[in-house]
Amino acid sequence: MTELVLRIALTVAAALVATGLYGALSQQSIVMIMMGLELVVNGLILGAGAFWWAGGGGTDASVLVVVLVTVMAVEMALGFAVALALYRARQVDLTDDAAELAG
Amino acid sequence: MIALVGALGVVAVGTGLLVFTVNSMARATFLLLASFVAVAVLLIAFGLGYLGTVIVLMMTIEMMIMAVFMVMLMMNPAGLMPMTMVHNRWGSWAIALVVFGLLAAGAWLVPFPTTGRAAQDPTVALGDALMGPQMLTMMTLGLALLATIVGTVAVAVSRR
C-alpha cells in the first residue's frame, strides 16, 4: 500500500518534471520559461514529500523540500532580474530576440 | 490515500499542461498556482503540514508578482491577440516524453524500501535537524539567499 502510493506519487512527479521541461524548452517568452522551470521544481518537491512519507521518521527528505523551496525563490528572483535587465537594454521579452550576448 | 494522490496528481499535471496551452499568460499564472496548491495539499496529506502551508503562501505571493511583471513587460499578457509563442514544439515534446518515460520506468521498476510512519512531529523534527545536524545546509541556503538579494539588485538596477 505504502509502496504503491509512493510509485503513483513518483509517476505524478515525473509527469510534472516532463511537463515543465517541455515548457522550458518550447516557450519563447522569458516568463513562460520560468514557469516551466518552476513546474520542474514542483515535481521534485512532490517526489521528496512522497519519499519522506514512505521513508518514515527521517528528516533528510523534508530538508530537501526546504532546499527546493529556496531554489524556487532564488530562480524566480534572479529570473525576474535578468528579464528586467534584458528589457531595459533592448525592450525584448522573447528569448529568440536575445540570442546574442553583445550589450 | 491512493485515490487522493491520484486525484490531486491529475489536477497538478492537468493544470501544469494547461499552463502551456492557454493563450492568456495571466490565466497560465493562475493555472500554475493551482498546480502548486495541488502539490502542497498532497504534502499536507503526507503529514508535512508546515512545508505545505509555506509552499501555498509563498506561491500565492510569487504568482501575484509574476502577474505584475507580465503586465509590465510582456507584449501580450492577456492573450487578446492569439499568437503562438513557441519554438521547436515537436522536438520539445519528444524530449519531454522520453524524460517522462525514463523517470516513470524508474518509479515503477526500482524496489524502494518503505518503513513505518514518523514517530516525532515532523515540524519539530525538521526544526531540530535544521538547527542541528543540517546546520551547514541552513547556512548555505542563507548565504545563497543573501547572494541572490545582492545579485538581483545589481542586475536589475538602471545603468543610466
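Taking a temperature of 25 °C and a viscosity of 0.890 mPa s, what whole-number D in µm²/s does Stokes-Einstein yield for the protein assembly as shown with Rh from Kirkwood over alpha carbon pairs?
Once the numbers are plugged in, D ends up at 127 µm²/s.
By count of other Cβ within 10 Å, fewest leading, how are A:THR95, B:THR152 ordered?
A:THR95, B:THR152
Which value at 222 nm does chain B reach when only helices count, each DSSP H run of 4 or more adding -39,500 (n - 2.57), with the total divided by all residues and rounded to the nearest 500 deg cm²/dmol? Write down the numbers at each step before the final one.
Numbers: 6 runs with 117 residues, N = 160.
Rounded to the nearest 500, it is -25000 deg cm²/dmol.
Could I get the Rg over Rh figure for the range A:2-94? Both from C-alpha atoms, Rh via Kirkwood, rounded to two places.
We get a ratio of 1.11 for the range A:2-94.
Based on the inverse mean of 1/r over its pairs of different Cα atoms, what is the Kirkwood hydrodynamic radius of chain B, in Å?
19.5
Specify the angular offset, from 0 to 90 degrees and rounded to the nearest 10, of the alpha carbon long axis of helix A:2-26 from the longest principal axis of the alpha carbons in chain A.
Tilt relative to chain A: about 10 degrees.
Any read-out appearing in this document is the output of simple, stated calculations on the displayed coordinates, not a laboratory observation. It should be emphasised that the depicted structure is a prediction, and the values quoted were computed from it without experimental measurement. Here Cβ is always computed from backbone atoms with ideal geometry, including for glycine, and neighbour counts include all displayed protein chains.
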